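A.B. asks: Mind having a look at this structure? Questions to follow.
The values are calculated or read from the model by the stated rules, or taken from the named source; none is laboratory data. Keep in mind that this is a model prediction, so the values were computed, not measured. When we count neighbours, we look across all protein chains shown, and the Cβ atoms used for this are built from the backbone with ideal geometry, even at glycine. Quick note on the areas: whole protein, heavy atoms, side chains included, nothing else; ligands and nucleic acids left out. Shrake-Rupley method; radii C 1.70, N 1.55, O 1.52, S 1.80 Å.
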Amino acid sequence: MKKILLPFLFISFILQAGAQPNKKNSAGDYTRSRAPLRQNAYIELPLGAIQPKGWLKEMLMRQKKGATGNLDSLYPLVMNQRNGWLGGDGDQWERGPYWIDGLLPLAYILDDKALIAKTKPWIEWAINSQQSDGYFGPSKDYSAEPGLQRDNSRDWWPKMVMLKILKQYYSATHDQRVITLMTNYFKYQLKELPQKPLDHWTFWARYRGGDNLMIVYWLYNITGDQFLLELADLLHTQTFDYTNAFLHTDMLSEPGSIHCVNLAQGIKEPIIYYQHHPEQKYIDAIKKGFEDIRKYNGMAHGLYGGDEALHGNNPTQGSELCTAVEMMFSLEKILGITGDVRYADHLERIAFNALPAQVSDDFMRRQYFQQANQVMITRHTRNFDVNHSGTDVCYGLLTGYPCCTSNMHQGWPKFTQNLWYATPDKGLAALVYSPASVKAIVAGATAISFNEETDYPFGESVKFTLQVDSKSKQVSFPFHLRIPAWCKKAVVKVNGKIWQEAGGNQVIKINREWKSGDKVELELPMHIFKNTWHENSVSIERGPIVYALKIGEEAREVKNDKDPVAYGNSYVEVRPTTPWNYGLNDIADNKLDEYYTFEKEKAISNFPWNAGSVPVSIKTKARLIPSWQLYNEMAGPLPYSITYGLEAEKEEEEIILIPYGATRLRISQFPVVGR
């Protein structure tokens with residue numbers, strides 16, 4: 001983020017604490033829509049109802065042991081007792097709340113007492129900071145100090161992050177002080193916003209007002225206070241008009257038109273508002289918005305060129321880590337409200353490709369920007385909208401800008417929390433797939449649990465085993481299952497017998513009488529396919545995974561004596577040791593299986609997101625393109641597919657493609673050469 005604008009540091013460390021002891025919610029404690037809000041397609045489950053298993057639990061455990069669980073000691077300049085959200089005179093803005101926004105759900109999902117205790121001071125201070133007029137949070141500005149954001153303490157934007165934290169905290173604890181604080185703060189907003197609108201202090205709140213609006217509707221569903229609907233309309237009016245921008249302007253085709261993270265957060269605002277004003281234009285707006293992002297800025301990893309402003313679809317443009325985790329959160333909210341499975345597909349694309357690639361295996365370092373075609377990770381000024389002394393693609397704790405240091409933590413915990421949903425028809429829905437278990441209430445009052453066993457996204461099978469509360473021998477309820485759009489024909493079995501075969505891009509329902517021990521098997525046959533991108537380049541895909549060229553690496557840690565306060569004490573650079581400038585042969589879609597060989601390397605490990613531990617790969621033949629060389633320590637301009645007369649080596653070589661999420665160096669969008 002541009003420092004003079006007080007970067008929107010996106011950190012997902014979430015606050016936890018409260019006056020009440022940590023008590024588990026019953027799995028049926030769902031917040032449903034209250035009239036006049038429409039009933040959403042799916043209903044969020046309480047924090048902690050979904051438990052990760054297998055590789056997904058390992059991701060969360062690495063967060064606990066890595067930066068998420070230890071940012072206060074790793075980044076004490078901002079996260080120590082001087083932080084304004086702990087009552088101090090240090091950083092007053094977004095970074096502290098960002099961290100707690102990821103730390104808190106991680107702590108309660110893992111039921112980790114030490115992590116919960118770490119969130120408690122932040123929660124307690126936020127709640128106890130509320131003033132008589134309803135305002136809460138830091139309220140005093142201080143003079144500038146290197147590495148800190150000490151002004152704009154009363155800005156509306158950081159409170160939006162803390163509101164998200166408090167909502168999650170309430171879901172886990174039912175601490176009624178949260179309801180009191182929000183009610184009083186929203187009365188304060190209704191009174192103050194006409195004179196001091198969202199962009200009174202900085203422009204960030206105007207673009208991110210949907211996060212504020214989301215919590216207003218959530219509170220309304222609990223309390224029914226009518227003034228909240230008035231506030232919601234006011235917030236919508238003061239928020240940037242994404243509906244009009246998507247439907248009636250060329251914003252998404254214009255480089256530099258909007259900040260990449262504002263877009264990732266703001267894209268959900270029309271659908272948040274749709275809950276109260278269910279007009280078709282809001283559905284149409286985000287549909288067109290996503291289509292235009294894909295058309296003008298999209299990349300194979302599921303995100304878009306935005307480094308930091310919107311910057312087109314060249315695969316060497318950067319994509320910010322905050323964009324990844326915020327877009328995932330937006331897609332989770334959009335999916336729950338609309339029930340449209342395309343948003344679950346998109347969520348998985350980001351989670352299984354962009355997110356693991358941008359963070360180190362030990363969750364201690366991250367890239368500020370990642371590139372879809374990334375062949376050299378070095379400190380060097382590149383063709384990005386914003387450069388931070390050339391550190392933006394280096395893996396480090398503070399390289400690029402520290403908003404991502406603070407905000408990256410929400411990705412996997414919130415992904416876990418949105419694997420399953422309750423349904424308005426008193427059933428349960430599995431909409432996003434990963435190894436997990438869930439406890440829920442169905443049919444009005446019956447407690448059940450499902451154990452979900454799967455190697456997904458690497459494997460094709462998802463197996464669910466049901467347990468019904470001992471007080472009930474049998475129970476009838478609908479079980480919803482998503483069939484991804486890429487799946488041509490899924491097979492659903494119940495207790496070993498075929499129940500249904502179904503095409504992709506839909507949700508199916510298994511409505512029957514269930515008993516403990518019932519098993520549901522979902523087979524999602526995967527096939528190799530390709531997508532077309534910038535300059536007619538192609539990505540090779542199978543299921544939700546994008547496959548990228550496996551490149552030999554030489555990595556080294558660089559001690560940073562030049563500017564450690566800004567960019568950290570060290571960072572990691574990675575250089576290629578094998579060729580990367582390959583073109584793929586022009587193969588018809590119906591012939592891909594003849595020229596691409598899928599191989600299952602080994603049984604899936606607890607950590608499959610590493611080039612040395614990937615359980616799957618694809619082999620094919622390719623040809624080197626001698627004219628496609630390094631430029632400015634990046635892959636040079638992508639050869640157009642297919643360039644007439646392009647010189648490529650006559651001899652074909654076998655190349656190995658591995659899951660994008662397991663790469664640091666890669667080509668994921670290949671030029672195509674004639675055969």
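A.B. asks: Regarding the range 360-375, can at least one residue be identified that is open to solvent by 10 Å² or more (accessible area, probe 1.4 Å), under 21 Å from ARG664 (Cβ atoms) and hydroxyl-bearing (Ser, Thr, Tyr)?
C.D. replies: Kept after step one, since they are open to solvent by 10 Å² or more (accessible area, probe 1.4 Å), are these residues of the range 360-375: 360-365.
Now restrict to residues that are under 21 Å from ARG664 (Cβ atoms): 360-365.
Going one step further and asking which of them are hydroxyl-bearing (Ser, Thr, Tyr), we end up with 360.
For the range 360-375, residues open to solvent by 10 Å² or more (accessible area, probe 1.4 Å), under 21 Å from ARG664 (Cβ atoms) and hydroxyl-bearing (Ser, Thr, Tyr): present.
A.B. asks: Could you tell me whether SER476 is open to solvent by less than 50 Å² (accessible area, probe 1.4 Å), among the polar types (S, T, N, Q) and at negative phi?
C.D. replies: Working: open to solvent by less than 50 Å² (accessible area, probe 1.4 Å): no; among the polar types (S, T, N, Q): yes; at negative phi: yes.
For SER476, the condition - open to solvent by less than 50 Å² (accessible area, probe 1.4 Å), among the polar types (S, T, N, Q) and at negative phi - is not met.
Yes/no per residue for (1) more than 30 Å from HIS388 (Cα to Cα); (2) surrounded by fewer than 12 Cβ atoms within 10 Å (Cβ to Cβ); (3) without any contact (Cβ under 8 Å) to a residue 60 or more places away in the chain:
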residue	(1), (2), (3)
SER570	no, no, no
GLU573	no, no, no
TRP580	no, no, no
GLY583	yes, no, no
GLU594	yes, yes, yes
GLU599	yes, yes, yes
PHE607	yes, no, no
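A.B. asks: Looking only at residues that are touching a Lys or Arg at 6+ places or on another chain (Cβ under 6 Å) and under 16 Å from ILE483 (Cβ atoms) in the range 510-533, which one is most open to solvent (accessible area, probe 1.4 Å)? Outline the logic, then answer.
C.D. replies: Quick first cut of the range 510-533, residues touching a Lys or Arg at 6+ places or on another chain (Cβ under 6 Å) only: 521, 526, 528.
Within this subset, residues satisfying the condition of being under 16 Å from ILE483 (Cβ atoms) are 521, 526.
Numbers: GLU521: 49, MET526: 22 Å².
Once the filter is applied, the top-ranked residue is GLU521.
A.B. asks: Can you name the condition, by its number, that ASP455 falls short on among (1) open to solvent by 20 Å² or more (accessible area, probe 1.4 Å); (2) under 24 Å from LEU331 (Cβ atoms); (3) more than 21 Å from the chain's Cα centre (by Cα)?
C.D. replies: Only one criterion in (1) open to solvent by 20 Å² or more (accessible area, probe 1.4 Å); (2) under 24 Å from LEU331 (Cβ atoms); (3) more than 21 Å from the chain's Cα centre (by Cα) is unmet by ASP455, namely (3).
A.B. asks: Looking at ALA622, is it hydrophobic (A, V, I, L, M, F, W, C) and modelled with pLDDT under 95? Don't jump to the end; show me each part of the working.
C.D. replies: Details: hydrophobic (A, V, I, L, M, F, W, C): yes; modelled with pLDDT under 95: no.
No.
A.B. asks: Could you list, in sequence order, the residues of the range 614-631 that are in contact (Cβ under 8 Å) with a residue 60 or more places away in the chain and either among the charged types (D, E, K, R) or touching a Ser or Thr at 6+ places or on another chain (Cβ under 8 Å) (or both)?
C.D. replies: PRO615, ILE618, THR620
A.B. asks: Would you tally the residues in the range 431-476 being in contact with an Asp or Glu (Cβ under 7 Å, 6 or more places away or on another chain) and of a type in the set (Gly, Ala, Ser)?
C.D. replies: The number of residues fulfilling the criteria is 5.
A.B. asks: Does the range 209-262 hold any residues that are assigned to a helix (DSSP H, G or I) and among the small types (Gly, Ala, Ser), and which are they?
C.D. replies: Step one: filter the range 209-262 for residues assigned to a helix (DSSP H, G or I), giving 209-223, 227-238, 242-248, 251-253, 260-262.
GLY209, GLY210, ALA232, ALA245, SER253 - these are the residues of the range 209-262 that are assigned to a helix (DSSP H, G or I) and among the small types (Gly, Ala, Ser).
A.B. asks: Return a yes/no flag: does the range 263-273 have any residue that is open to solvent by 10 Å² or more (accessible area, probe 1.4 Å) and under 22 Å from TYR185 (Cβ atoms). Outline the logic, then answer.
C.D. replies: First, the residues of the range 263-273 that are open to solvent by 10 Å² or more (accessible area, probe 1.4 Å): 273.
Filter again for under 22 Å from TYR185 (Cβ atoms), leaving 273.
Among the residues of the range 263-273, at least one is open to solvent by 10 Å² or more (accessible area, probe 1.4 Å) and under 22 Å from TYR185 (Cβ atoms), which makes the answer yes.
A.B. asks: Right, another one. Looking only at residues in the range 158-191 that are closer than 17 Å to TRP122 by Cα and aromatic (Phe, Trp, Tyr), which one is least open to solvent (accessible area, probe 1.4 Å)?
C.D. replies: Once the filter is applied, the top-ranked residue is TYR169.
A.B. asks: Right, something else. Residue by residue through the range 308-359, note down the ones that are more than 21 Å from GLY102 (Cα to Cα), charged (D, E, K, R) and open to solvent by 10 Å² or more (accessible area, probe 1.4 Å).
C.D. replies: Those that are more than 21 Å from GLY102 (Cα to Cα), charged (D, E, K, R) and open to solvent by 10 Å² or more (accessible area, probe 1.4 Å): ASP340, ARG342, ASP345.
A.B. asks: What is the one condition in (1) closer than 26 Å to GLU320 by Cβ; (2) surrounded by 17 or more Cβ atoms within 10 Å (Cβ to Cβ); (3) of a type in the set (S, T, N, Q) that SER253 does not satisfy?
C.D. replies: So SER253 meets the others, but not (2).
A.B. asks: Follow-up. Identify, from the list ALA611, ALA603, the residue that is touching a residue at least 24 places away in the same chain (Cβ under 8 Å) and assigned to a loop (DSSP other than H, G, I, E, B).
C.D. replies: Details: ALA603 fails: touching a residue at least 24 places away in the same chain (Cβ under 8 Å).
Exactly one of ALA611, ALA603 is touching a residue at least 24 places away in the same chain (Cβ under 8 Å) and assigned to a loop (DSSP other than H, G, I, E, B), namely ALA611.
A.B. asks: Determine whether the range 382-402 contains at least one residue that is more than 17 Å from the chain's Cα centre (by Cα), over 20 Å from ALA67 (Cβ atoms) and aromatic (Phe, Trp, Tyr). Spell out the reasoning first.
C.D. replies: So in the range 382-402, the residues more than 17 Å from the chain's Cα centre (by Cα) come out as 382-402.
Next, from what is left, pick out any that are over 20 Å from ALA67 (Cβ atoms): 382-387, 389-390.
Narrowing the set further to residues that are aromatic (Phe, Trp, Tyr) leaves 384.
Scanning the range 382-402, I find at least one residue that is more than 17 Å from the chain's Cα centre (by Cα), over 20 Å from ALA67 (Cβ atoms) and aromatic (Phe, Trp, Tyr), so the answer is yes.
A.B. asks: Every residue in the range 436-447 that is closer than 23 Å to LEU56 by Cβ and either of a type in the set (Gly, Ala, Ser) or open to solvent by 10 Å² or more (accessible area, probe 1.4 Å) (or both), please.
C.D. replies: Looking only at the range 436-447, we keep the residues that are closer than 23 Å to LEU56 by Cβ, and these are 436-440.
Hits for the range 436-447 are ALA436, SER437, LYS439, ALA440.
A.B. asks: Turning to a different aspect of this structure: Please enumerate the residues belonging to the range 431-473 that are in contact with a Lys or Arg (Cβ under 8 Å, 6 or more places away or on another chain), closer than 15 Å to ALA49 by Cβ and not in a strand (DSSP E or B).
C.D. replies: LEU431, VAL432
A.B. asks: So, one more: Of all residues in the range 490-536, how many are out of contact with any strand residue (DSSP E or B) (no Cβ under 6 Å at 6 or more places or on another chain) and not in a strand (DSSP E or B)?
C.D. replies: 10
A.B. asks: Still on this structure: At least 2 residues that are in contact with a Ser or Thr (Cβ under 6 Å, 6 or more places away or on another chain), among the β-branched types (Val, Ile, Thr) and modelled with pLDDT under 95 in each: list the helices (runs of 4 or more DSSP H) lying fully within the range 73-140 that qualify.
C.D. replies: Numbers: elements: 76-79, 95-110, 113-128.
Of the helices (runs of 4 or more DSSP H) lying wholly inside the range 73-140, none has at least 2 residues that are in contact with a Ser or Thr (Cβ under 6 Å, 6 or more places away or on another chain), among the β-branched types (Val, Ile, Thr) and modelled with pLDDT under 95.
A.B. asks: Kindly establish whether THR316 is polar (S, T, N, Q), farther than 20 Å from PRO413 by Cβ and touching a residue at least 12 places away in the same chain (Cβ under 8 Å). Walk me through how you get there before you give the answer.
C.D. replies: Numbers: polar (S, T, N, Q): yes; farther than 20 Å from PRO413 by Cβ: yes; touching a residue at least 12 places away in the same chain (Cβ under 8 Å): yes.
Taking the combined requirement at face value, the residue satisfies it.
A.B. asks: A further question follows. Can you tell me which residue within the range 106-154, out of those that are open to solvent by 10 Å² or more (accessible area, probe 1.4 Å) and polar (S, T, N, Q), is farthest from GLN51 (Cα to Cα)?
C.D. replies: In this case the residue turns out to be SER143.
A.B. asks: With the condition kept exactly as written, say whether any residue in the range 534-552 is buried (at least 20 other Cβ atoms within 10 Å of the Cβ), aliphatic (A, V, I, L, M) and under 30 Å from ALA443 (Cα atoms).
C.D. replies: no
A.B. asks: Can you list residue pairs whose Cβ atoms sit under 6 Å apart, with the first residue in the range 291-306 being open to solvent by less than 10 Å² (accessible area, probe 1.4 Å) and of a type in the set (Ser, Thr, Tyr) and the second being part of a helix (DSSP H, G or I) and at pLDDT 95 or above? Count only pairs 6 or more apart in sequence or on different chains.
C.D. replies: Listed by first residue and then by second, the contacts come to TYR304/ILE293; TYR304/ASN297.
A.B. asks: Sticking with this structure for a sec: Have a look at LEU37, LEU45, LEU9, LEU15 and point out the one that is modelled with pLDDT of 95 or more and surrounded by 19 or more Cβ atoms within 10 Å (Cβ to Cβ). It would help to see each step written out before you state the result.
C.D. replies: On the way: LEU37 fails: surrounded by 19 or more Cβ atoms within 10 Å (Cβ to Cβ); LEU9 fails: modelled with pLDDT of 95 or more; LEU15 fails: modelled with pLDDT of 95 or more.
Criteria check complete, one pass: LEU45.
A.B. asks: Can you run down the residue pairs with Cβ atoms below 9 Å, 6 or more apart or on separate chains, where the first is in the range 377-406 and at positive phi and the partner is part of a helix (DSSP H, G or I)?
C.D. replies: Sorted first by the residue in the range 377-406, then by its partner, the pairs are SER389/ALA566; SER389/TYR567; GLY400/LEU321; GLY400/TYR567.
A.B. asks: With ASP361, ASP345 as the choices, which residue is more than 19 Å from SER406 (Cβ to Cβ) and in contact with a helix residue (DSSP H, G or I) (Cβ under 8 Å, 6 or more places away or on another chain)?
C.D. replies: Details: ASP345 fails: in contact with a helix residue (DSSP H, G or I) (Cβ under 8 Å, 6 or more places away or on another chain).
That would be ASP361, the only listed residue that is more than 19 Å from SER406 (Cβ to Cβ) and in contact with a helix residue (DSSP H, G or I) (Cβ under 8 Å, 6 or more places away or on another chain).
A.B. asks: Listed residues TYR571, TYR567; which is out of contact with any strand residue (DSSP E or B) (no Cβ under 6 Å at 6 or more places or on another chain), more than 30 Å from ALA485 (Cβ to Cβ) and aromatic (Phe, Trp, Tyr)? Give the derivation first.
C.D. replies: Values: TYR571 fails: out of contact with any strand residue (DSSP E or B) (no Cβ under 6 Å at 6 or more places or on another chain).
Among TYR571, TYR567, only TYR567 is out of contact with any strand residue (DSSP E or B) (no Cβ under 6 Å at 6 or more places or on another chain), more than 30 Å from ALA485 (Cβ to Cβ) and aromatic (Phe, Trp, Tyr).
A.B. asks: Name the residues in the range 52-94 that are of a type in the set (Asp, Glu) and either free of Cβ contacts under 8 Å to residues at least 12 places away in the same chain or farther than 25 Å from THR416 by Cβ (or both), would you?
C.D. replies: Scanning the range 52-94 gives ASP89, ASP91.
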